[in-house]
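Notes follow once the structure below has been shown.
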Amino acid sequence: MSVIPEKVINERVERTVRPTTVSSDSIGVFHQKAHFWGRTTLFLLIAMCFVPPLYLSFVLDAHPGWSAIITGLIGYASFVGIFWVLEPITYYPTLGVAGTYLAFLTGNIANMCLPCSAAAQKAVDAETGSRKAEIAGVFGIAVASITNILVIVTIILSGTYILSLIPPAVESAFNFILPAIFGAVLGQFAYKKPLYGIIAIIVGMAVLFSPIVGFIKIALTVGIVIAIVLFMEKQKEKKVVG
Amino acid sequence: MMEEVMAIANSTAFWIIACIVVGIVLFQAIIFMRIAWKSAPDVGMSSNDVKTAVRTGFVSSLGPSFGIAIILVSLIALLGSPITLMRIGIIGSAATETGAAEIGASAFGTTLGADDFSMEAFTTIVWTMCLGGMGWLLFTALFTKTLGKSQQKIEKKNPKVMAAVSLSAMLGAFGYLISDQMVTSFGHFSAGGIALIVMVLIMIFAEKVNIAWLKEWALGISMLIGMVTGYFLS
C-alpha cells in the first residue's frame, strides 16, 4: 500500500516523530488506519451483499416482487434487528476499534473472535484493556479469521468429504464445543480475579432465569458486571488511599 | 423444482461472488495484521510477542473453526455451496441464516424444500439474508468511530476505568454465555465446568513454572478436555 504518496509521507512523518512522541499518539495513528481500512472493507462488503439478490432478481429474472422481499426483511429484522445495535456496543469494550472491524466482518464473535483475542492477549502477558492487549488481540482475531475462512473453503470445496471422515464420536463431542469454549475463556480471565469470575457467573445465572426479554439479557449481564466491578475497584482505591 | 434452484445456486456466477467475499475477508485480516505489526513496538510488543500472538490465534481458532464447519453442512443443502460460503464467511451463523431462510421462504408463501419451492422463493431468501445480515456491517462501519471517541473521553477522565470496563465486559458476556450453555444438559454443564477448571490450572501452572508456550495452547487444550468430558458424561 506504500505506493500511495500520501501514505508514504504519513509513514515517514510517523517514523521521524516516533522517538519523541508518547505511545498514545502512535496508537492514534493505528486507530486512524484501522478506521480507514475497517470502513473501506466493510463498505466494500456491504456493496457485495447487494450483488447476489440483484443478480437473481434482475439478471436471472426471478424477482419475487418487493412486497415479499420487504415482508421477509421485516420478519428477519424483528428476529435479529436489535442485535445489529446491541452486539457491537456490548462487545466493543473487549474488542477495541480494530477488533470490532475485524470481528463484525468475519462473524462468529463470541465463539471464535473473542476467545482468540483473549488467548493472544494472555499469551503475551498483556493486561486487559491496555494498548498492548489491543494490538495482541488484533493478531489473535485476524489469524482466527484467516484460519476460519480457509477451513470453511477447504470443507466446502472438498464437498464435505473431509467431514465424512470424522468419526461420529468426534462429531458428537463437537456438540459440547460451545460450553467448552465459553468455560475456558471465563477461566482465562477469572484465574487472576476469581471473585469477579464468580460474580460474572452469578449475575449471568440470575439474568438468565429472570423473566426479561431474551435479547437484552447478555447486554444486561455485561452492564451489571461492569457496574459491580467498577464499584468494587472504587472501594479498593478508597481503602488504599485511606 | 428444487434441482433447478440448486443448479443456479451452484452456478459459476455465485462462485465468483463467493470468491470476492472470501477475498475481502482475507484482505482485511492481512491489512490489519500489517498495521498492527507496525504499531507493535510502540505498545511494547517485541517481534517475539507478535509471533506468539499469531501462533496463539492460530491454535485457538482451530477448534472453533471446525465447530463452525460441522454446522454449515446443513446450510449447503438449503443454499448451495457458494452462498453458504459467502454467508458463513462473513457475519452470520448457521442458526441465524437458517432462521433467515425460513422467514424468507414464508414471506414468499412457501416452506423450505416444498414442492412449489421456486426460483422466486429462493430469491426472496437471498434478499432476506443478504440485506438482513448487513445490519451489523452497517452499524460497525458507521458507529465504531463514535464508540472509539467515547472510549477516549472516558480514558481522558480516568485512564484506569477502561481497563476495568474491558475486563468486566468480557467476564459479563462469558458469564452469561456459559450460564446459558450450562443449563442445557449435564454434558454441557460438565464441559463448561471442566474447561473452566482446566484453564485455571493451566494458567496457574504456566505462570509458576514459567512455560510460555503452554499459554499459547491453553485455550485449545482446555476446550478439547471440556468437549471430551462433555461427550463421556452425557
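The values are calculated or read from the model by the stated rules, or taken from the named source; none is laboratory data. Here the structure is a predicted model, which is why all the values come from computation and not from measurement. All Cβ positions, even for glycine, are placed from backbone atoms using ideal geometry, and neighbour counts span all protein chains on display.
Would you please name the residue that is farthest from the other protein chains (Cβ to nearest Cβ), looking only at residues in the range A:158-173 that are of a type in the set (Ser, Thr, Tyr) and surrounded by 11 or more Cβ atoms within 10 Å (Cβ to Cβ)? Before the answer, list the steps.
If we filter the range A:158-173 for residues that are of a type in the set (Ser, Thr, Tyr), which is where we start, we get A:158, A:160-161, A:164, A:172.
After this cut, where a residue has to be surrounded by 11 or more Cβ atoms within 10 Å (Cβ to Cβ) as well, the list is A:158, A:160, A:172.
Values: A:Ser158: 10, A:Thr160: 5, A:Ser172: 6 Å.
The residue in question is A:Ser158.
In this structure, does B:Pro41 turn out to be surrounded by fewer than 18 Cβ atoms within 10 Å (Cβ to Cβ) and more than 23 Å from B:Leu219 (Cβ to Cβ)?
Working: surrounded by fewer than 18 Cβ atoms within 10 Å (Cβ to Cβ): yes; more than 23 Å from B:Leu219 (Cβ to Cβ): yes.
Yes: the conditions hold for B:Pro41.
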Next item on the list: Would you mind telling me which numbered condition in (1) within 8 Å of another protein chain (Cβ to nearest Cβ); (2) farther than 30 Å from B:Met2 by Cα B:Cys130 fails?
Entry: (2)
Next item on the list: Return yes or no: is A:Ala184 among the aliphatic types (A, V, I, L, M), buried (at least 19 other Cβ atoms within 10 Å of the Cβ) and assigned by TED's automatic domain parsing to the domain that holds A:Glu127?
Entry: no
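Can you tell which of B:Phe32, B:Phe58 is aromatic (Phe, Trp, Tyr), part of a helix (DSSP H, G or I) and crowded, with 23+ Cβ neighbours inside 10 Å? So that I can check it myself, show each step before the final result.
Details: B:Phe58 fails: crowded, with 23+ Cβ neighbours inside 10 Å.
When all the criteria are applied, what remains is B:Phe32.
Are any of the residues in the range A:116-125 buried (at least 21 other Cβ atoms within 10 Å of the Cβ), of a type in the set (Asp, Glu) and either in a helix (DSSP H, G or I) or more than 7 Å from chain B (Cβ to nearest Cβ) (or both)?
Within the range A:116-125, the first condition is being buried (at least 21 other Cβ atoms within 10 Å of the Cβ), and the residues that meet it are A:116-124.
Filter once more, so that each one left must be of a type in the set (Asp, Glu): none.
For the range A:116-125, residues buried (at least 21 other Cβ atoms within 10 Å of the Cβ), of a type in the set (Asp, Glu) and either in a helix (DSSP H, G or I) or more than 7 Å from chain B (Cβ to nearest Cβ) (or both): absent.
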Item checked: Which numbered condition A:Tyr76 fails, given (1) facing chain B (nearest Cβ under 7 Å); (2) of a type in the set (Phe, Trp, Tyr); (3) under 20 Å from the mean Cα position of the chain (by Cα) -> (3)
Checklist line | the range A:49-104: number of residues that are among the aliphatic types (A, V, I, L, M) and farther than 30 Å from A:Gly28 by Cα | finding: 14
Item checked: Number of the condition not met by B:Ile88 [criteria: (1) surrounded by fewer than 24 Cβ atoms within 10 Å (Cβ to Cβ); (2) at pLDDT below 90; (3) part of a helix (DSSP H, G or I)] -> (1)
